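Novice: What follows is a single structure, and I will ask about it in a moment.
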Amino acid sequence: MTTLHKAGTRRALLRGGLAAGAMLPVAGCTSASAPTYQEAMPGGDVTIYAIAAGWHTEIALPVDAIPDPLRRVTPDFPGARYLAFGWGERNYYMMRAPTLGDAMSALFPGPAVLLVSPLDRPPRDTRPHAQVFELGLSTAGVARLSDYLWMAFEKSGDDTTRRLAAGPAPGSIFFAATGTYSSSYTCNTWTAEGLRVAGVPVSPTGVVFADQLTDQLRSLPAR
């Protein structure tokens, strides 16, 4: 089975599983702890990226714009110009060949994992089959987003991140993550919350599938 076919199967399984759980409440997508900030769109001092590939969304930042404390993870990715951050259900996200049963299990609340992938070129060049949205943020917006991403890492007692395994792409790493994945709080909800904290005018309310976020991003003024 080719890598592309595996990816397509993974997307179909998870979307099918989530659709089967659509009867569950989606009000849980709203987070009262994530405030709304307004940035001047589409301008900004720094360009970040929202990446949507199939069922999954990620956020990518240029390495040279990442402030502390998130900057502590950059030595793990020498030579990277961008880092992409994706959050998901730990067991399912780390599987190389998930089954329908695995997808159904991911509907129930479970621990999360964070996949960090290094990129040597902008996401539009390295993810040709994905939807890539360029978003302009102020320095303050990037700092808020970086804090949001840093808080997604589960820390050890000495405040260091916890590596779990190598990721699927060269140089990528799975880290233990905070939060709980469920059918009403998915990777796409997490991405939408991060963008909202950064100042992008999107709402995570009701966001479960990737297209519920990308439809909002598509309505923004062009960068």
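The values are calculated or read from the model by the stated rules, or taken from the named source; none is laboratory data. Source: prediction; values computed, not measured. A quick note on method: Cβ atoms are made from the backbone with ideal geometry, for glycine too, and the neighbour counts reach across all protein chains shown.
Novice: So, of the residues in the stretch 139-165 that are small (Gly, Ala, Ser), out of contact with any Ser or Thr (no Cβ under 7 Å at 6 or more places or on another chain) and at pLDDT 95 or above, which turns out to be nearest to Gly88 (Cα to Cα)?
Specialist: Residue satisfying both the conditions and the ranking: Ala165.
Novice: Under the condition of being basic (Lys, Arg) and assigned to a strand (DSSP E or B), which residue from the stretch 130-168 is surrounded by the fewest Cβ atoms within 10 Å (Cβ to Cβ)? Can you show your working first?
Specialist: So the first thing to find is which residues in the stretch 130-168 are basic (Lys, Arg), and the list is 144, 155, 162-163.
Remaining after also requiring assigned to a strand (DSSP E or B): 155, 163.
Values: Lys155: 14, Arg163: 12.
This residue is Arg163.
Novice: Is there a residue being among the β-branched types (Val, Ile, Thr), surrounded by 17 or more Cβ atoms within 10 Å (Cβ to Cβ) and not in a strand (DSSP E or B) anywhere in the stretch 109-129?
Specialist: Filtering the stretch 109-129 down to residues among the β-branched types (Val, Ile, Thr) leaves 113, 116, 126.
Among the residues that remain, those that are also surrounded by 17 or more Cβ atoms within 10 Å (Cβ to Cβ) are: 113, 116, 126.
With the extra rule that they be not in a strand (DSSP E or B), the set shrinks to 126.
Checked the stretch 109-129: at least one residue is among the β-branched types (Val, Ile, Thr), surrounded by 17 or more Cβ atoms within 10 Å (Cβ to Cβ) and not in a strand (DSSP E or B).
Novice: Look at Trp55 and say whether it is farther than 18 Å from Arg144 by Cβ and either at pLDDT 95 or above or within 17 Å of the chain's Cα centre (by Cα) (or both). Break it down into steps so the answer makes sense when it comes.
Specialist: Details: farther than 18 Å from Arg144 by Cβ: yes; either at pLDDT 95 or above or within 17 Å of the chain's Cα centre (by Cα) (or both): yes.
Here the answer is yes, as Trp55 does meet what is asked.
Novice: Further question on the same structure: From the list Thr186, Thr205, pick out the single residue that is polar (S, T, N, Q), in contact (Cβ under 8 Å) with a residue 12 or more places away in the chain, surrounded by fewer than 16 Cβ atoms within 10 Å (Cβ to Cβ) and within 21 Å of Gly54 (Cα to Cα). Give the derivation first.
Specialist: Values: Thr186 fails: surrounded by fewer than 16 Cβ atoms within 10 Å (Cβ to Cβ).
Just one listed residue meets the conditions, Thr205.
Novice: I've got another one for you. Kindly list the number of the only condition in (1) crowded, with 16+ Cβ neighbours inside 10 Å; (2) modelled with pLDDT of 95 or more that fails for Thr178.
Specialist: Thr178 satisfies all of (1) crowded, with 16+ Cβ neighbours inside 10 Å; (2) modelled with pLDDT of 95 or more except (1).
Novice: Follow-up. Please verify whether Thr9 is over 27 Å from Gly110 (Cβ atoms), out of contact with any Cys (no Cβ under 7 Å at 6 or more places or on another chain) and either outside any strand (DSSP E or B) or modelled with pLDDT under 55 (or both), treating the condition exactly as stated. Don't jump to the end; show me each part of the working.
Specialist: Numbers: over 27 Å from Gly110 (Cβ atoms): no; out of contact with any Cys (no Cβ under 7 Å at 6 or more places or on another chain): yes; either outside any strand (DSSP E or B) or modelled with pLDDT under 55 (or both): yes.
Spelling it out, it is not the case that Thr9 is over 27 Å from Gly110 (Cβ atoms), out of contact with any Cys (no Cβ under 7 Å at 6 or more places or on another chain) and either outside any strand (DSSP E or B) or modelled with pLDDT under 55 (or both).
Novice: Another one. Just one of the numbered conditions (1) surrounded by fewer than 19 Cβ atoms within 10 Å (Cβ to Cβ); (2) among the hydroxyl-bearing types (Ser, Thr, Tyr); (3) under 28 Å from Pro75 (Cα atoms) is not true of Thr191; which one?
Specialist: (1)
Novice: If you don't mind, another one. What are the pairs, 6+ residues apart or on separate chains, where a residue within the stretch 128-154 that is within 12 Å of Leu61 (Cβ to Cβ) has its Cβ under 6 Å from a residue that is among the aliphatic types (A, V, I, L, M) and in a strand (DSSP E or B)?
Specialist: Leu135/Ile48; Leu137/Val46; Leu137/Ile48; Val142/Val46
Novice: Same structure, new question: Suppose we keep only residues that are hydroxyl-bearing (Ser, Thr, Tyr) and at pLDDT below 95 within the stretch 63-103. Which one would you say is nearest to Val132 (Cα to Cα)?
Specialist: If we filter the stretch 63-103 for residues that are hydroxyl-bearing (Ser, Thr, Tyr), which is where we start, we get 74, 82, 92-93, 99.
Within this subset, residues satisfying the condition of being at pLDDT below 95 are 92-93, 99.
Details: Tyr92: 24, Tyr93: 21, Thr99: 28 Å.
Only one residue fits best here, namely Tyr93.
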